[in-house]
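Report on the following structure.
Every number in this text was worked out from the coordinates using simple rules, so none of it is lab data. Small disclaimer: the values here were computed from a predicted structure and weren't measured. FYI the Cβ positions are ideal-geometry reconstructions off the backbone, even for glycines, and counts take in every protein chain you see.
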Amino acid sequence: MNRRAFSRLALVLVLLLVGCESGGGGMTPGSILGAMTQGVTGVNPGDVRGAAVEIDESEEIELGRSVTAALGSRYKLLRDESLTRYVALVGNAVAAQSERPDIRYYFGVLDTDEVNAFAAPGGYIFITRGTLGLIKDEATLAGVLGHEVGHVALKHHVETIKDQKKTALGKGVGTTLAQFGAGFIPGVGGTVTSAVVNSPLMNVIADGAVNLTLKGFSRTEEEQADGVGVTYAARAGYDPAGLRDFLRAVQDSGSQPAKSGFLAKFTSTHPGAVERLKEQDTQLKTAPAGGRRNAARFQQAVAAKPATPAR
């Protein structure tokens, strides 16, 4: 196994363990191994619906694992168990207030100074170390994570991926039964070979899911995610002004935010900072007053963390 493949396996494993222990439920060693393999391939042969345009939840989750693997080749995962557990604690509290509280959410911190956050299909949420550096309290973290959970809860990935799948099938891109049959290797977790990994249809769908996660969503979808992110945080008992405070911190920092993922909205094709802040101010006029900020707990869990040493 080469170094890149190993790092992808490690990334998915860390996310799975954090998601399980923070969100409830358990996994056996065999199921973890299977999940690790699926994270690299993005395909579970038993869940593939090659001839169907609809994207069911199991396929959405598999696509999320594929996106997780792709992010693992672009960013390094921050290997800080206590910090990741804290982020997952806040994220799961917010996700429990969403329209999809029953799926398992996984949270990871990306070890980069880039200010950004990402939501992958199926409940995989990432926030960067650079983003945490601009956040001052837990309510603000809840607002940012609430925005990302919103993309998953509102199924923003699903409709776009369905369109891509429909286009691919219309062009005759598919996977033969023989390819899937050759993809099985006996063993724990249902490991699959490159015959399945290189399935033309799944490659098209997975590539589309990766591009969508990295580049950000439509203007309307980003505005919807902003709106529900505030709502989820407030329902979880946090001060609903957290997301607005983060957007203001980005604007005031003077740094150039990443033009992808969460902050793609700062480019010409998405709502700008001023416009988003105005929308937040409007929504906050009718939001519940008060709510906890948990600044001290955030400072203890996040702000005091030293930067990762260079290797």
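Here are some notes:
- A protection proxy built from the mean count of other Cβ atoms within 10 Å ranks the segments 83-90, 97-104, most packed first, as 83-90, 97-104.
- Cross-link pairs K76/K162; K215/K278; K136/K285; K76/K165; K155/K215 - those with Cα-Cα distance over 25 Å: K76/K162; K76/K165
- Each peptide in 288-299, 117-128, 216-227, 140-151 gets a packing score, the mean of other Cβ atoms within 10 Å over its residues, and the list from highest to lowest is 140-151, 117-128, 216-227, 288-299.
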